[in-house]
Amino acid sequence: MTTHHDIEAANSAAATEDPYVAIRALGTAPLWRYYGSVLPAEPQPSAVPYLWSYAALRPYLLRFLDELSLEEAERRVLMLINPGMVEPPATTTSLYAGLQIIGPGETAQAHRHTSNAFRYVIEGSGAYTTVNGERVHMNPGDLLLTPNWHWHDHYHEGDGPMVWLDALDYPLATNCLDINFFELYGDRSQKSSVPDDLSSRQFIHGQLSPAWEVVHTEASPVGNYPWAETARAFDAIADDAEGSAAEGVLLEYKNPLTGGPVLPTMGCRISRLRPGFRGTPVKRTSSAIYHVVQGSGVAQVGNQRLEWHDKDVFAVPPWHTFELRNDSASQDAYLFSYTNEPVLRALGFFREELPDDTDRP
Ligand code: GTQ
């Protein structure tokens, strides 16, 4: 109980002590010393532009494939950690990427989590991921979705190592919102309960979807967006199509039931940069991760020049000027990318500008 005496004592202490020391001990801080950090004039991301070289990392993936069993590792993944976001670990603001390797005959244990996830297949074939009882087969260039709370486990029945890029929104779900749940499945692997690749075959057409299926539409119902369909989509684009000024012939993977992004927290795109392509610079509040499907070129990200080659991954933090170039005179380059743009758009936080677009009204 606060007595009259306590109030008197507090009043006299407040009159003489250093008030900054005293208010800190009382669980407060003076806003007037925090304006710059709580309300910066512009975003001040801790993520930095960074590139992970696939050629440099691949030998270590192969070494762990040899030396570390999946029973030990559960998932044999090299997390791609942004030097500015080491603890808690993230690849860029709100997004994570990892490189996962699995060998013939191996199974990665079934589990589920709140975080939305997807894989983009980099090399090898003959593996499948079972997502809520559906076996989804994986080939290079395929995009496989594991929406939130869907059981998933991986099995490799082919020959040779198989590598894919894992993407998760856990830096948002866990590090920021603190809403992640995680569960192991009872058995190591799920049994197949529907025909293989059913969701992809049923829903990829988009314009003719099974009308009797009641589907939860926050995430796309498509299990796999196979490379073959991506290649067909590019083939359908006119040779003289202008494409986007910043990112060339840019296609977006869609949820066929809503026309929206494939996952509520992550949108996926793929672009073809024609030989000699030079993109116009662009600056966005979204963060992005790029994976080089094929080709080589340069990404100027803020003051960092990232030289990318086949299968590399690079991170673009929010509010960094971003400019793409395909340096080849004869080869197309293909870049797969994902962003947190769906989150920002849903909350009214998405903003985009050209760097010389600084005129104020
Ligand atoms: O394959 O389920 O890179 O749950 C990180 C967390 C992969 C996966 C990661 C995961 C997975």
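The values are calculated or read from the model by the stated rules, or taken from the named source; none is laboratory data. Everything numeric here is computed off the predicted structure, so don't read it as measured data. Heads up, the Cβs are rebuilt from the backbone with ideal geometry, glycines too, and the neighbour counts pull from every protein chain shown.
I'd like the full set of residues that are under 25 Å from Phe234 (Cα atoms) and among the hydrophobic types (A, V, I, L, M, F, W, C), limited to the range 267-309.
Scanning the range 267-309 gives Cys268, Ile270, Leu273, Phe277, Val282, Ala288, Ile289, Val292, Val293, Val298, Ala299, Trp308.
If Val38 satisfies every condition in (1) of a type in the set (Val, Ile, Thr); (2) under 30 Å from Val163 (Cβ atoms); (3) away from the ligand (no atom under 16 Å from the Cβ) but one, which is the exception?
(2)
Counting only residues that are under 18 Å from Gly243 (Cα atoms) and touching a Gly at 6+ places or on another chain (Cβ under 7 Å), which one in the range 315-326 is surrounded by the fewest Cβ atoms within 10 Å (Cβ to Cβ)?
In this case the residue turns out to be Glu323.
Would you say Ile179 is within 16 Å of the ligand (Cβ to nearest atom) and surrounded by fewer than 17 Cβ atoms within 10 Å (Cβ to Cβ)?
For Ile179, the condition - within 16 Å of the ligand (Cβ to nearest atom) and surrounded by fewer than 17 Cβ atoms within 10 Å (Cβ to Cβ) - is met.
Of all the helices (runs of 4 or more DSSP H) wholly in the range 1-84, which have at least 1 residues that are surrounded by 12 or more Cβ atoms within 10 Å (Cβ to Cβ)?
4-16, 19-25, 54-67, 70-73
Filter the range 263-286 for residues that are part of a loop (DSSP other than H, G, I, E, B) and either acidic (Asp, Glu) or in contact with a helix residue (DSSP H, G or I) (Cβ under 9 Å, 6 or more places away or on another chain) (or both); which is farthest from Ala231 (Cα to Cα)?
Per the criteria, the residue is Thr285.
Between Leu65, Leu57, which is in contact with a Gly (Cβ under 8 Å, 6 or more places away or on another chain) and in contact (Cβ under 8 Å) with a residue 12 or more places away in the chain?
Of Leu65, Leu57, the one residue that is in contact with a Gly (Cβ under 8 Å, 6 or more places away or on another chain) and in contact (Cβ under 8 Å) with a residue 12 or more places away in the chain is Leu65.
Please name all residue pairs, on different chains or six or more residues apart, with Cβ atoms under 9 Å, provided the first residue is in the range 201-228 and is more than 16 Å from Ala117 (Cβ to Cβ) and the second residue is hydrophobic (A, V, I, L, M, F, W, C) and not in a loop (DSSP other than H, G, I, E, B).
Correct list of pairs: Ser209/Phe203; Pro210/Phe203; Glu213/Phe203; Val215/Phe203; Pro226/Leu143; Trp227/Val121; Trp227/Leu143; Trp227/Val293.
Exactly one of these conditions fails for Ser209: (1) surrounded by 12 or more Cβ atoms within 10 Å (Cβ to Cβ); (2) closer than 27 Å to Ala333 by Cβ. Give me its number.
(2)
Checking Pro89 against (1) crowded, with 20+ Cβ neighbours inside 10 Å; (2) part of a loop (DSSP other than H, G, I, E, B); (3) within 13 Å of the ligand (Cβ to nearest atom), which single condition isn't satisfied?
Tallying (1) crowded, with 20+ Cβ neighbours inside 10 Å; (2) part of a loop (DSSP other than H, G, I, E, B); (3) within 13 Å of the ligand (Cβ to nearest atom), Pro89 fails exactly one: (1).
Restricting to the range 92-124, count the residues that are buried (at least 22 other Cβ atoms within 10 Å of the Cβ), assigned to a loop (DSSP other than H, G, I, E, B) and within 13 Å of the ligand (Cβ to nearest atom).
Residues in the range 92-124 being buried (at least 22 other Cβ atoms within 10 Å of the Cβ), assigned to a loop (DSSP other than H, G, I, E, B) and within 13 Å of the ligand (Cβ to nearest atom): 2 in total.
Any residue at all in the range 353-360 that is at pLDDT 95 or above and either acidic (Asp, Glu) or out of contact with any Gly (no Cβ under 8 Å at 6 or more places or on another chain) (or both)?
The answer is no, given that none of the residues of the range 353-360 is at pLDDT 95 or above and either acidic (Asp, Glu) or out of contact with any Gly (no Cβ under 8 Å at 6 or more places or on another chain) (or both).
Taking the options Leu165, Leu208, name whichever one is closer than 24 Å to Lys254 by Cβ, within 16 Å of the ligand (Cβ to nearest atom) and hydrophobic (A, V, I, L, M, F, W, C).
Only one candidate passes the filter, namely Leu165.
What number of residues within the range 125-149 satisfy the criterion of being surrounded by fewer than 19 Cβ atoms within 10 Å (Cβ to Cβ) and within 14 Å of the ligand (Cβ to nearest atom)?
The total comes to 2.
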